[in-house]
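Reading through the structure tokens given below for one structure.
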Amino acid sequence: MGLLDSMLGSVLNSQLGGGQGGGQQSGAGGLDALLPAVIGMLANNGQGGGLGGLMEKFNQAGMGDVLGSWIGSGQNAPISGADLGAVLGGDTMGDLAAQLGMSQNDAAGQLAQVLPGLIDKLTPRGNAPEGGFGNAGDLFGMIGGLLQQK
């Protein structure tokens with residue numbers, strides 16, 4: 001969970017006007033863009049169709065149980081970058097990789113490390129919110145609240 005906390009803290013700091021603050025960045029230059037990209041995917045007003053759109057993609061790929069484990073209250077099932085890339089599709093992964101400034105394989109690997117934990121934290125009661133996670137601003141607020149609980 002260290003990568004998630006580090007990445008969320010770094011990205012939220014820059015998104016909320018905290019500046020560079022410490023400059024401790026991972027070697028992958030795209031990490032600062034990962035959270036906004038994920039929020040774009042999960043937000044109701046984002047290009048990914050929100051949580052419902054993501055659920056549909058996982059179900060179509062026969063991996064609905066994997067996403068369900070992230071939402072549920074039990075252990076999170078792992079997902080490989082290759083499997084996640086297959087679920088999301090080449091167009092989505094290409095767009096994400098371009099946003100992050102890295103290859104599709106690297107982008108899928110980074111996303112596979114972050115997405116399960118983030119969705120798990122955003123669904124603490126083990127149920128998907130009926131209306132999704134809300135818009136991008138709502139999601140940034142939810143994630144900010146999670147970080148303040150530490």
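Values quoted throughout were computed directly from the atomic coordinates according to the rules given, and no laboratory measurement underlies them. The structure displayed is predicted, hence computed values, not measured ones. Note that we place each Cβ from the backbone using ideal geometry, even for glycine, and neighbour counts take in every protein chain shown.
Things to note:
- Residue in region 84-97 that is farthest from residue 57 (Cα to Cα), counting only those that are part of a helix (DSSP H, G or I) and over 15 Å from the mean Cα position of the chain (by Cα): 94
- Criterion (buried (at least 21 other Cβ atoms within 10 Å of the Cβ) and either aliphatic (A, V, I, L, M) or in contact with a Pro (Cβ under 7 Å, 6 or more places away or on another chain) (or both)) met by exactly one of 98, 107: 107
- On inspection, residue 138 passes the criterion of being surrounded by 12 or more Cβ atoms within 10 Å (Cβ to Cβ) and more than 12 Å from the chain's Cα centre (by Cα).
- The number of residues in region 98-138 being outside any loop (DSSP other than H, G, I, E, B), touching a residue at least 40 places away in the same chain (Cβ under 8 Å) and small (Gly, Ala, Ser) comes to 3.
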